[in-house]
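**Q** Structure incoming, see below.
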Amino acid sequence: MRLARFDGGKIGLVLDQEVADITDVCGVDAGEWPAMGSVRLIRDFEALRPKIEAALATAPRKPLSEVRLETPVPWPNKVIAYPVNYHAHGREMQAGYRATNQGFFLKPNSSLSGPSDPVVLPQVPGREVHHESELAIIIGKEVRGLKREDWREAVFGYACLLDMVVRGREERVFRKAYDSFCPVGPWIVTADEIPNPAELNMKLWVNDELRQSANTRDLVLDIPGMIETASAVMTLYPGDIIATGTPEGVGPVVAGDTIRITIDNIGEMKVPVVQGDLGMTEVFAQPYVPPIIKQN
Ligand code: MN
(Lines give C-alpha, C1' and ligand atoms only; values in the text may rest on other atoms or scores of the structure.)
Protein backbone atom coordinates (compact mmCIF):
# COMPACT_ATOMS: atom_id res chain seq x y z
CA MET A 1 0.00 0.00 0.00
CA ARG A 2 0.99 3.58 -0.63
CA LEU A 3 -0.14 5.73 2.29
CA ALA A 4 -0.13 9.48 1.93
CA ARG A 5 -1.11 12.54 3.92
CA PHE A 6 -2.78 15.19 1.83
CA ASP A 7 -4.91 18.35 1.75
CA GLY A 8 -4.54 19.37 5.38
CA GLY A 9 -3.90 16.14 7.24
CA LYS A 10 -6.20 13.71 5.42
CA ILE A 11 -5.01 10.12 5.01
CA GLY A 12 -5.00 8.71 1.51
CA LEU A 13 -4.36 5.43 -0.20
CA VAL A 14 -2.59 6.09 -3.49
CA LEU A 15 -3.95 3.92 -6.29
CA ASP A 16 -2.25 4.47 -9.62
CA GLN A 17 -3.22 8.05 -10.50
CA GLU A 18 -5.89 8.48 -7.80
CA VAL A 19 -5.98 9.04 -4.06
CA ALA A 20 -8.72 7.33 -2.04
CA ASP A 21 -9.61 9.28 1.11
CA ILE A 22 -9.46 6.83 4.04
CA THR A 23 -9.21 9.46 6.78
CA ASP A 24 -12.44 8.40 8.49
CA VAL A 25 -11.85 4.64 8.45
CA CYS A 26 -8.40 5.28 9.91
CA GLY A 27 -9.99 7.26 12.73
CA VAL A 28 -7.85 10.30 11.98
CA ASP A 29 -8.96 13.87 12.69
CA ALA A 30 -7.43 15.79 9.79
CA GLY A 31 -7.40 19.08 11.70
CA GLU A 32 -5.92 17.83 14.97
CA TRP A 33 -2.90 19.42 16.63
CA PRO A 34 -0.41 18.02 17.06
CA ALA A 35 -0.89 15.98 13.90
CA MET A 36 -0.21 12.55 15.33
CA GLY A 37 -2.91 10.66 13.44
CA SER A 38 -0.44 8.98 11.13
CA VAL A 39 1.61 7.78 14.13
CA ARG A 40 -1.50 6.10 15.57
CA LEU A 41 -2.44 4.77 12.12
CA ILE A 42 1.00 3.14 11.82
CA ARG A 43 0.71 1.65 15.32
CA ASP A 44 -2.74 0.22 14.58
CA PHE A 45 -2.21 -0.58 10.92
CA GLU A 46 -2.52 -4.37 11.00
CA ALA A 47 -5.91 -4.13 12.73
CA LEU A 48 -7.06 -1.35 10.40
CA ARG A 49 -5.90 -2.96 7.18
CA PRO A 50 -9.03 -5.10 6.53
CA LYS A 51 -11.24 -2.09 7.27
CA ILE A 52 -9.22 0.06 4.88
CA GLU A 53 -9.53 -2.58 2.16
CA ALA A 54 -13.28 -2.87 2.75
CA ALA A 55 -13.72 0.90 2.61
CA LEU A 56 -11.94 1.26 -0.69
CA ALA A 57 -14.99 0.57 -2.83
CA THR A 58 -16.82 3.60 -1.46
CA ALA A 59 -14.01 5.91 -0.37
CA PRO A 60 -14.10 9.27 -2.15
CA ARG A 61 -11.34 9.59 -4.74
CA LYS A 62 -9.45 12.46 -6.26
CA PRO A 63 -6.92 12.53 -9.08
CA LEU A 64 -3.40 12.40 -7.65
CA SER A 65 -2.54 15.51 -9.66
CA GLU A 66 -5.23 17.49 -7.81
CA VAL A 67 -4.16 16.83 -4.24
CA ARG A 68 -1.47 18.53 -2.18
CA LEU A 69 0.72 15.77 -0.76
CA GLU A 70 2.13 16.40 2.72
CA THR A 71 4.90 14.87 4.78
CA PRO A 72 3.54 11.45 5.82
CA VAL A 73 4.54 11.54 9.52
CA PRO A 74 4.78 15.15 10.72
CA TRP A 75 5.07 14.39 14.47
CA PRO A 76 7.16 11.26 14.91
CA ASN A 77 8.89 10.65 18.22
CA LYS A 78 12.22 11.18 16.44
CA VAL A 79 14.12 11.29 13.17
CA ILE A 80 17.31 9.23 13.34
CA ALA A 81 20.00 9.76 10.72
CA TYR A 82 23.15 7.83 9.89
CA PRO A 83 26.11 9.86 8.63
CA VAL A 84 28.64 8.64 6.07
CA ASN A 85 26.96 5.35 5.26
CA TYR A 86 28.26 4.85 1.72
CA HIS A 87 32.02 4.44 1.22
CA ALA A 88 32.18 6.61 -1.92
CA HIS A 89 30.47 9.47 -0.07
CA GLY A 90 32.96 9.05 2.78
CA ARG A 91 35.80 9.34 0.27
CA GLU A 92 34.37 12.45 -1.42
CA MET A 93 34.05 14.11 2.01
CA GLN A 94 37.49 12.81 3.12
CA ALA A 95 35.78 11.40 6.19
CA GLY A 96 37.91 9.00 8.21
CA TYR A 97 34.87 7.40 9.82
CA ARG A 98 31.76 5.53 8.74
CA ALA A 99 28.31 5.02 10.28
CA THR A 100 29.61 1.70 11.65
CA ASN A 101 31.98 3.48 14.02
CA GLN A 102 30.21 6.83 14.35
CA GLY A 103 26.62 5.96 15.24
CA PHE A 104 23.71 8.24 14.41
CA PHE A 105 22.54 11.79 14.97
CA LEU A 106 19.01 13.19 15.21
CA LYS A 107 17.22 15.71 13.04
CA PRO A 108 14.50 17.82 14.69
CA ASN A 109 10.96 16.83 13.80
CA SER A 110 10.33 20.46 12.92
CA SER A 111 12.72 20.08 9.96
CA LEU A 112 10.24 17.67 8.32
CA SER A 113 8.51 18.92 5.20
CA GLY A 114 6.60 17.31 2.39
CA PRO A 115 6.64 16.69 -1.32
CA SER A 116 4.67 19.87 -2.06
CA ASP A 117 6.77 22.11 0.19
CA PRO A 118 9.83 24.05 -0.93
CA VAL A 119 13.25 23.68 0.63
CA VAL A 120 13.75 27.14 2.15
CA LEU A 121 17.37 28.23 2.11
CA PRO A 122 18.42 30.09 5.26
CA GLN A 123 20.47 33.28 5.17
CA VAL A 124 23.95 31.73 5.33
CA PRO A 125 26.19 33.85 3.10
CA GLY A 126 29.53 32.19 2.37
CA ARG A 127 28.04 28.75 2.90
CA GLU A 128 26.71 26.04 0.62
CA VAL A 129 23.47 24.17 1.32
CA HIS A 130 23.75 20.61 0.02
CA HIS A 131 21.28 17.91 -0.94
CA GLU A 132 21.64 14.37 0.40
CA SER A 133 19.36 11.75 -1.19
CA GLU A 134 18.39 9.02 1.24
CA LEU A 135 16.10 6.05 1.71
CA ALA A 136 13.84 6.59 4.73
CA ILE A 137 12.78 3.68 6.92
CA ILE A 138 9.49 4.21 8.77
CA ILE A 139 9.34 2.26 12.03
CA GLY A 140 6.09 0.34 12.65
CA LYS A 141 6.40 -1.07 16.13
CA GLU A 142 7.64 -0.15 19.58
CA VAL A 143 10.93 -2.00 20.03
CA ARG A 144 14.01 -1.84 22.24
CA GLY A 145 17.07 -4.05 21.99
CA LEU A 146 15.97 -5.63 18.72
CA LYS A 147 18.52 -8.03 17.23
CA ARG A 148 19.51 -7.61 13.62
CA GLU A 149 17.91 -10.90 12.53
CA ASP A 150 14.55 -9.58 13.74
CA TRP A 151 14.80 -6.23 11.91
CA ARG A 152 11.71 -6.80 9.76
CA GLU A 153 9.49 -6.77 12.86
CA ALA A 154 10.28 -3.09 13.31
CA VAL A 155 9.71 -1.82 9.77
CA PHE A 156 6.42 -0.33 8.62
CA GLY A 157 7.56 1.01 5.28
CA TYR A 158 9.83 3.21 3.22
CA ALA A 159 9.91 6.66 1.63
CA CYS A 160 12.23 9.08 -0.14
CA LEU A 161 14.06 11.55 2.10
CA LEU A 162 16.26 14.58 1.54
CA ASP A 163 18.73 15.32 4.33
CA MET A 164 19.55 18.97 3.63
CA VAL A 165 22.63 20.46 5.28
CA VAL A 166 24.67 23.64 5.55
CA ARG A 167 28.22 22.48 4.88
CA GLY A 168 30.77 23.35 7.52
CA ARG A 169 32.60 22.01 10.53
CA GLU A 170 30.13 23.19 13.16
CA GLU A 171 27.81 20.88 15.10
CA ARG A 172 26.21 18.54 12.57
CA VAL A 173 22.75 18.73 14.12
CA PHE A 174 22.84 22.53 14.01
CA ARG A 175 23.72 22.51 10.32
CA LYS A 176 20.93 20.07 9.51
CA ALA A 177 18.18 21.49 11.72
CA TYR A 178 16.60 24.26 9.65
CA ASP A 179 12.89 24.09 8.87
CA SER A 180 12.29 22.28 5.55
CA PHE A 181 15.68 20.50 5.73
CA CYS A 182 14.03 17.07 5.86
CA PRO A 183 11.55 16.55 3.01
CA VAL A 184 9.95 13.08 3.21
CA GLY A 185 7.59 11.57 0.66
CA PRO A 186 5.86 11.36 -1.66
CA TRP A 187 4.13 8.73 0.53
CA ILE A 188 5.00 5.65 2.58
CA VAL A 189 5.18 2.35 0.72
CA THR A 190 4.43 -0.46 3.15
CA ALA A 191 7.19 -3.00 3.72
CA ASP A 192 5.28 -5.89 2.10
CA GLU A 193 5.73 -4.17 -1.27
CA ILE A 194 9.52 -3.93 -0.86
CA PRO A 195 10.73 -7.40 0.11
CA ASN A 196 14.38 -6.42 -0.24
CA PRO A 197 15.16 -2.78 0.55
CA ALA A 198 18.86 -3.53 0.04
CA GLU A 199 18.59 -3.58 -3.74
CA LEU A 200 16.92 -0.27 -4.55
CA ASN A 201 18.29 2.18 -7.08
CA MET A 202 18.16 5.76 -5.86
CA LYS A 203 18.76 8.80 -8.05
CA LEU A 204 18.80 12.54 -7.44
CA TRP A 205 18.73 15.33 -9.98
CA VAL A 206 19.12 19.07 -9.52
CA ASN A 207 17.14 20.51 -12.41
CA ASP A 208 18.19 18.24 -15.32
CA GLU A 209 21.58 17.31 -13.89
CA LEU A 210 21.91 13.81 -12.42
CA ARG A 211 23.93 14.34 -9.24
CA GLN A 212 23.50 11.10 -7.28
CA SER A 213 22.94 7.56 -8.49
CA ALA A 214 23.48 4.58 -6.21
CA ASN A 215 22.02 1.34 -4.93
CA THR A 216 21.13 0.61 -1.32
CA ARG A 217 23.19 -2.60 -1.53
CA ASP A 218 26.22 -0.33 -1.02
CA LEU A 219 25.14 0.84 2.44
CA VAL A 220 28.05 0.43 4.88
CA LEU A 221 25.89 -0.21 7.97
CA ASP A 222 23.03 -2.20 6.50
CA ILE A 223 19.34 -1.80 7.36
CA PRO A 224 19.26 -4.59 9.98
CA GLY A 225 22.37 -3.04 11.52
CA MET A 226 20.85 0.45 11.60
CA ILE A 227 17.75 -0.83 13.38
CA GLU A 228 19.77 -2.92 15.82
CA THR A 229 22.07 0.00 16.61
CA ALA A 230 19.29 2.56 17.10
CA SER A 231 17.17 0.21 19.20
CA ALA A 232 20.18 -0.67 21.35
CA VAL A 233 20.21 2.96 22.47
CA MET A 234 16.60 4.09 22.36
CA THR A 235 13.08 2.75 22.27
CA LEU A 236 11.89 3.01 18.68
CA TYR A 237 8.25 4.00 18.28
CA PRO A 238 5.75 3.64 15.42
CA GLY A 239 6.30 6.52 13.03
CA ASP A 240 9.96 7.04 13.87
CA ILE A 241 11.98 7.78 10.76
CA ILE A 242 15.49 6.57 9.97
CA ALA A 243 17.47 8.46 7.31
CA THR A 244 19.83 5.79 6.06
CA GLY A 245 22.63 7.96 4.66
CA THR A 246 23.54 9.47 1.33
CA PRO A 247 25.73 8.13 -1.47
CA GLU A 248 28.34 10.13 -3.35
CA GLY A 249 27.47 13.13 -5.47
CA VAL A 250 26.29 15.62 -2.84
CA GLY A 251 26.43 19.23 -3.92
CA PRO A 252 24.99 22.71 -3.55
CA VAL A 253 21.52 23.96 -4.41
CA VAL A 254 20.49 27.56 -4.97
CA ALA A 255 17.17 29.38 -5.12
CA GLY A 256 15.30 28.51 -8.29
CA ASP A 257 16.61 24.94 -8.44
CA THR A 258 14.35 21.90 -8.39
CA ILE A 259 15.52 18.78 -6.54
CA ARG A 260 14.12 15.47 -7.78
CA ILE A 261 14.67 12.15 -6.02
CA THR A 262 13.50 8.73 -7.21
CA ILE A 263 13.79 5.37 -5.47
CA ASP A 264 12.78 2.04 -7.03
CA ASN A 265 9.35 0.79 -5.89
CA ILE A 266 8.72 3.98 -3.89
CA GLY A 267 8.30 6.82 -6.35
CA GLU A 268 9.45 10.31 -7.08
CA MET A 269 9.53 13.48 -5.01
CA LYS A 270 10.26 16.83 -6.62
CA VAL A 271 10.74 19.94 -4.49
CA PRO A 272 11.62 23.51 -5.43
CA VAL A 273 14.35 25.48 -3.67
CA VAL A 274 13.55 29.03 -2.55
CA GLN A 275 15.49 31.66 -0.61
CA GLY A 276 14.15 32.49 2.84
CA ASP A 277 14.86 35.58 4.91
CA LEU A 278 15.49 33.81 8.25
CA GLY A 279 18.39 31.79 9.60
CA MET A 280 21.17 34.34 9.93
CA THR A 281 23.45 33.35 12.79
CA GLU A 282 26.96 34.21 13.86
CA VAL A 283 27.79 30.51 13.96
CA PHE A 284 28.24 30.64 10.19
CA ALA A 285 30.17 33.92 10.12
CA GLN A 286 33.26 32.26 8.66
CA PRO A 287 32.90 31.27 4.99
CA TYR A 288 33.39 27.58 4.20
CA VAL A 289 33.38 25.71 0.91
CA PRO A 290 33.72 21.95 1.25
CA PRO A 291 36.67 20.39 -0.57
CA ILE A 292 34.65 17.60 -2.17
CA ILE A 293 36.65 15.12 -4.24
CA LYS A 294 34.70 13.83 -7.21
CA GLN A 295 34.42 10.04 -7.25
CA ASN A 296 35.01 7.91 -10.36
MN1 MN B 1 22.55 12.39 5.54
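**Q** Running a GNM on the chain with Cα contacts under 10 Å, which residue among 269, 226, 36 ends up with the highest mean-square fluctuation?
**A** 36
**Q** Can you pull the one-decimal nm distance between simple spin-label points at residue 40 and residue 61, each 7 Å off the Cα toward Cβ?
**A** Going by the 7 Å Cα→Cβ label model, 2.8 nm.
**Q** What are the ³J(HN,Hα) couplings of the range 279-293, residue after residue, when phi is run through the Karplus curve with 6.51, -1.76, 1.60 and θ = phi - 60°? Round to Hz, x for glycine and proline.
**A** x, 5, 8, 6, 4, 9, 5, 7, x, 8, 10, x, x, 7, 9
**Q** Now for a separate question. Output the antiparallel fraction of DSSP beta bridges having both residues in the chain, as a percent to the nearest 5.
**A** Given both bridge residues lie in the chain, the antiparallel proportion sits at roughly 85 percent.
**Q** Would you work out which of 177, 216, 195 lies farthest towards the positive end of the dipole of the range 153-222? Charges go on Cβ: Lys and Arg +1, Asp and Glu -1.
**A** Checked the options; the winner is 177.
**Q** Report the extension gain between residue 97 and residue 172 in nm, rounded to one decimal, defined as 0.36 nm multiplied by the number of residues separating them, less their alpha carbon distance.
**A** Residue separation times 0.36 nm, minus the Cα-Cα distance, leaves 25.6 nm.
**Q** Sticking with this one: Between 71, 190, 281, where does the largest GNM mean-square fluctuation fall for the chain, given springs only between Cα atoms within less than 10 Å?
**A** Ranking 71, 190, 281 by mean-square fluctuation puts 281 first.
**Q** Considering lysine pairs in the chain that are 8 or more places apart or on different chains, how many have Cα atoms under 27 Å apart?
**A** Final tally of qualifying lysine pairs is 28.
**Q** Please identify every one of the trypsin sites (Lys or Arg not before Pro) in the range 190-296 that sits in a loop by DSSP and has no more than 13 other beta carbons within 10 Å of its own beta carbon.
**A** Here the sparse-neighbourhood loop sites are 294.
**Q** Calculate, for the range 2-70, the solvent-accessible area per residue in square angstrom, rolling a 1.4 angstrom probe over the heavy atoms of the protein chains.
**A** Dividing the accessible area of the range 2-70 by its residue count gives 53 Å².
**Q** For residue 142 and residue 294, calculate 0.36 nm times their separation in residues minus their Cα-Cα distance, and state this gained length in nm to one decimal.
**A** Full extension of this stretch gives 50.7 nm more.
**Q** Something else now. Using θ = phi - 60° and the Karplus curve 6.51 cos²θ - 1.76 cosθ + 1.60, what whole-Hz ³J(HN,Hα) does each residue of the range 222-235 get, with Gly and Pro shown as x?
**A** 3J(HN,Hα) across the range 222-235, in whole Hz: 6, 4, x, x, 5, 5, 4, 5, 5, 7, 5, 9, 9, 6.
**Q** Extension gain residue 106-residue 254, at 0.36 nm per residue separation less the Cα-Cα distance, in nm?
**A** 50.8 nm
**Q** Which FRET efficiency value, to the nearest 0.05, do you get for residue 232 and residue 123 by plugging their Cβ-Cβ distance into 1/(1 + (r/R0)^6) with R0 = 35 Å?
**A** So the FRET efficiency works out to roughly 0.35.
**Q** Please list 3J(HN,Hα) in residue order for the range 190-203, calculated via the Karplus relation 6.51 cos²θ - 1.76 cosθ + 1.60 where θ = phi - 60°; whole Hz, with x for glycine and proline.
**A** Listing the rounded values in order: 5, 4, 5, 8, 10, x, 10, x, 9, 8, 9, 6, 10, 10 Hz.
**Q** Measure off, as a whole percent, the carbon and sulfur share of the 1.4 Å-probe accessible area of the range 196-296, all protein chains present.
**A** The value for the range 196-296 is 50 percent carbon and sulfur by accessible area.
**Q** Give me the dipole magnitude in Debye, nearest 20, for the range 79-277 about the Cα centre, with unit charges on the beta carbon: positive for Lys and Arg, negative for Asp and Glu.
**A** Roughly 460 debye for the range 79-277.
**Q** Treating only the Cβ atoms of Lys and Arg (+1) and Asp and Glu (-1) as charged, compute the dipole magnitude of the range 2-70 about its Cα centre; round to the nearest 20 debye.
**A** For the range 2-70, the charge dipole is close to 100 debye.
**Q** Each label point is 7 Å from the Cα along the Cα-to-Cβ direction; what then is the distance between the points at residue 265 and residue 285, in nm?
**A** Those two pseudo-labels are separated by 5.1 nm.
The values are calculated or read from the model by the stated rules, or taken from the named source; none is laboratory data. All of these numbers come straight from a predicted model, not from anything done at the bench. Using ideal geometry, Cβ is built from the backbone for each residue, glycine included, and neighbour counts are taken over all protein chains shown. We work out accessible area using only protein heavy atoms, side chains counted, and drop any ligands, DNA or RNA first. Shrake-Rupley method; radii C 1.70, N 1.55, O 1.52, S 1.80 Å.
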